[in-house]
Amino acid sequence: MAREGVTPVVSPFLQSQTLTFNEFSTHRFGDDPVDLTAQSNAGLVVTYSSADERIASVSGSRLLIKGAGEVTISASQSGNAFYLPAIVSRKLTVNKGLQNISFAELPQQLSNAGAFTLKASASSGLHVFFESSDPSIVSIEEEVASLHKHGVVMITARQSGNSNYEEAEPIARELVVQLVTATEPIFEGKDIYPNPTGGVVYLRIQGIYQVEISDMMGHMQSQIGLQGDRLDFSLVPAGIYIVKITTQNKTITEKIFKR
């Protein structure tokens, strides 16, 4: 140990040291952290730094990807009394992340339903936009689709990406808007009402012992049960439903329009 006030003598014959620091493969935004494994032939501890922490930052020997772009990552060793300092830099390329859109099939709508809310999401968490192939039938403002007349349109969900995400593959769904002309009650005196309905339908029919309800595809709708003198359509989407009512004397079949 050197005496106080005396500068230690450093050998003038410092050895060079070599750092082994492999090239990076290409990464994408959203990838897991990368383990940094540079080594010094002198066996000394290697430290790391990033030239732009908006793209990638260093935590110990782990590289955290923060954004898309290119950044220089350096491995360095400051040397000691026997070895010279050493530094090796590598370029890291981070491509934009991929994203996808979730957009379910659209149930049919009635032309007098007014408007409804479109729902879709992007895996990136970015906002999804919608467009209609024919605004004269269905126009869209933000997530609200307004129905103007009957017809068939394609509703497309889009997410255009940003500085960190590629544009998502658009998802298009067919929307059928059915024409509602007039209410046709099953019996004189409107024994089933109201029709169209926004929820509850009342039955003024005696001797009912069975009610069967299906959609236009023939799928039974068991969630619409007879409760006293009423049927509750509030749990099913807008559309046309076939109601088959069996009494002691006859069987009646009718269409119910759910708004």
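The values are calculated or read from the model by the stated rules, or taken from the named source; none is laboratory data. Computed from a prediction, not measured in an experiment: that's the story for all the values here. Neighbour counts are summed over all protein chains in view; Cβ atoms, including those assigned to glycine, are modelled from backbone coordinates with ideal geometry.
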*What single numbered condition from (1) at pLDDT below 85; (2) part of a loop (DSSP other than H, G, I, E, B) fails to hold for Tyr209?*
(2)
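For every residue, the table says whether it meets (1) among the acidic types (Asp, Glu); (2) in contact (Cβ under 8 Å) with a residue 24 or more places away in the chain; (3) closer than 15 Å to Gln178 by Cα.
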residue: Ser214; (1), (2), (3): no, yes, no
residue: His219; (1), (2), (3): no, no, no
residue: Leu226; (1), (2), (3): no, no, no
residue: Leu231; (1), (2), (3): no, yes, no
residue: Ala238; (1), (2), (3): no, yes, yes
residue: Lys244; (1), (2), (3): no, yes, no
residue: Gln248; (1), (2), (3): no, yes, no
residue: Thr253; (1), (2), (3): no, no, no
residue: Lys258; (1), (2), (3): no, yes, yes
*asked:* Among the residues of region 91-145, what is the count of those that are outside any loop (DSSP other than H, G, I, E, B) and not hydrophobic (A, V, I, L, M, F, W, C)?
replied: 12
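Can you find even one residue in region 157-170 that is farther than 30 Å from Leu126 by Cα and either of a type in the set (Asp, Glu) or in a strand (DSSP E or B) (or both)?
No, region 157-170 has no match at all.
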*Sort out which residues of region 188-223 are of a type in the set (A, V, I, L, M, F, W, C), exposed (fewer than 15 other Cβ atoms within 10 Å of the Cβ) and touching a strand residue (DSSP E or B) at 6+ places or on another chain (Cβ under 9 Å), and write them in order of number.*
Val200, Ile208, Met216, Met220
*Top-ranked residue of region 15-68 - restricted to ones that are farther than 30 Å from Gly125 by Cβ and aliphatic (A, V, I, L, M), ranked as surrounded by the fewest Cβ atoms within 10 Å (Cβ to Cβ)*: Val45
*Of everything in region 228-259 that's over 41 Å from the mean Cα position of the chain (by Cα) and surrounded by 13 or more Cβ atoms within 10 Å (Cβ to Cβ), which residue is farthest from Leu175 (Cα to Cα)?*
Thr247
_Residue ranges of strands (runs of 3 or more DSSP E) in region 1-76 with at least 2 members at pLDDT 95 or above and among the polar types (S, T, N, Q)_ = 47-50, 56-59
